[in-house]
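Read through the structure below, which is laid out as structure tokens, and then see the notes.
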Amino acid sequence: MIQFSPLRTYVSAGHNNADPGAVANGHKEADITKIIRDSIVDYSEDKNIVVDKDWETNKQYQTRIKPASGSVVFDIHLNAAVSNTTRGVECYVNKKDFESKNSNSYKMANEVNEFLSQTLGIKNRGVKPENNSQHSRIGILNLGSGISVLVEVDFITGIGAVESIVSFKDVIGKGLANILKKYDDLV
Ligand SMILES: [Zn+2]
């Protein structure tokens with residue numbers, strides 16, 4: 001059977017069972033990113049949507065998936081800061097996509113930021129290039145997908161951030177599923 005993998009949408013919850021990511025206020029980043037990912041899947045009409053498995057490492061997931069120019073890759077994270085009042089959403093795209101504000105990755109990142117900042121009532125911290133993160137290059141943004149965006153939904157260290165994500169999870173899942181569909185339908 002031919003798998004039309006190149007045209008698919010790939011949604012991953014950053015981190016996994018063995019790597020919880022940031023831990024704060026009694027919450028693990030990996031648990032919250034899974035809630036968001038699962039809500040996107042619940043509201044997605046795309047029956048072929050590809051998601052990471054909770055036991056998979058990022059590397060295993062990245063090796064398994066085969067995105068191409070018609071694909072959308074979306075990786076979900078939460079930020080961490082020293083101050084518990086730091087809040088806000090930001091998205092990362094790869095260096096090449098960042099150079100053009102007309103790239104679909106840049107445009108989708110902008111929409112994700114606007115949607116989440118409005119939904120959660122938090123600051124829109126903007127679209128950033130991958131080398132602005134703690135890494136010089138982010139693997140999942142460089143798998144050959146036509147559109148690749150990594151979102152830091154809010155700061156797990158921020159007071160009320162996780163509670164807000166959990167209570168708005170349906171709105172978040174539905175809104176993000178719509179944005180992913182719009183960009184997946186471009187090619
Ligand atoms: Zn993370």
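The values are calculated or read from the model by the stated rules, or taken from the named source; none is laboratory data. No experiment lies behind these values; they were computed from the predicted model shown. Glycine also receives a Cβ, built like all others from the backbone with ideal geometry; neighbour counts cover every protein chain displayed.
It is to be established whether one or more residues within region 125-135 are over 24 Å from Arg64 (Cβ atoms) and buried (at least 21 other Cβ atoms within 10 Å of the Cβ).
Applying the first criterion (over 24 Å from Arg64 (Cβ atoms)) to region 125-135 yields 125-129, 131-132, 134.
Among the residues that remain, those that are also buried (at least 21 other Cβ atoms within 10 Å of the Cβ) are: 127.
Taking every residue of region 125-135 in turn, at least one turns out to be over 24 Å from Arg64 (Cβ atoms) and buried (at least 21 other Cβ atoms within 10 Å of the Cβ).
Just a yes or no: is a residue in region 101-121 of a type outside the set (Phe, Trp, Tyr) and modelled with pLDDT under 95? Steps first, answer last, please.
We begin by selecting, within region 101-121, every residue of a type outside the set (Phe, Trp, Tyr); these are 101-105, 107-114, 116-121.
Pick out the ones that are also modelled with pLDDT under 95 and you get 101.
Yes, region 101-121 has at least one match.
Return the residues of region 137-158 that are away from the ligand (no atom under 16 Å from the Cβ) and surrounded by 15 or more Cβ atoms within 10 Å (Cβ to Cβ); say none if nothing qualifies.
Hits for region 137-158 are Asn142, Leu143, Ser145, Gly146, Ile147.
Just give me the residues in region 96-133 being among the aromatic types (Phe, Trp, Tyr) and closer than 17 Å to Phe155 by Cα, in sequence order.
The answer is Phe115, and nothing else.
So which residues in region 12-22 are surrounded by fewer than 24 Cβ atoms within 10 Å (Cβ to Cβ) and either within 13 Å of the ligand (Cβ to nearest atom) or part of a strand (DSSP E or B) (or both)?
Once the filter is applied, which keeps residues that are surrounded by fewer than 24 Cβ atoms within 10 Å (Cβ to Cβ) and either within 13 Å of the ligand (Cβ to nearest atom) or part of a strand (DSSP E or B) (or both), region 12-22 yields Asn16, Asp19, Pro20, Gly21, Ala22.
Residues of region 137-169 being in a helix (DSSP H, G or I), touching a residue at least 60 places away in the same chain (Cβ under 8 Å) and over 18 Å from Ser117 (Cβ atoms), which ones?
Those that are in a helix (DSSP H, G or I), touching a residue at least 60 places away in the same chain (Cβ under 8 Å) and over 18 Å from Ser117 (Cβ atoms): Gly139, Ile140, Leu141.
From Glu111, Glu99, grab the single residue that is surrounded by 17 or more Cβ atoms within 10 Å (Cβ to Cβ), under 22 Å from Ile138 (Cβ atoms), out of contact with any Lys or Arg (no Cβ under 6 Å at 6 or more places or on another chain) and charged (D, E, K, R).
Glu111
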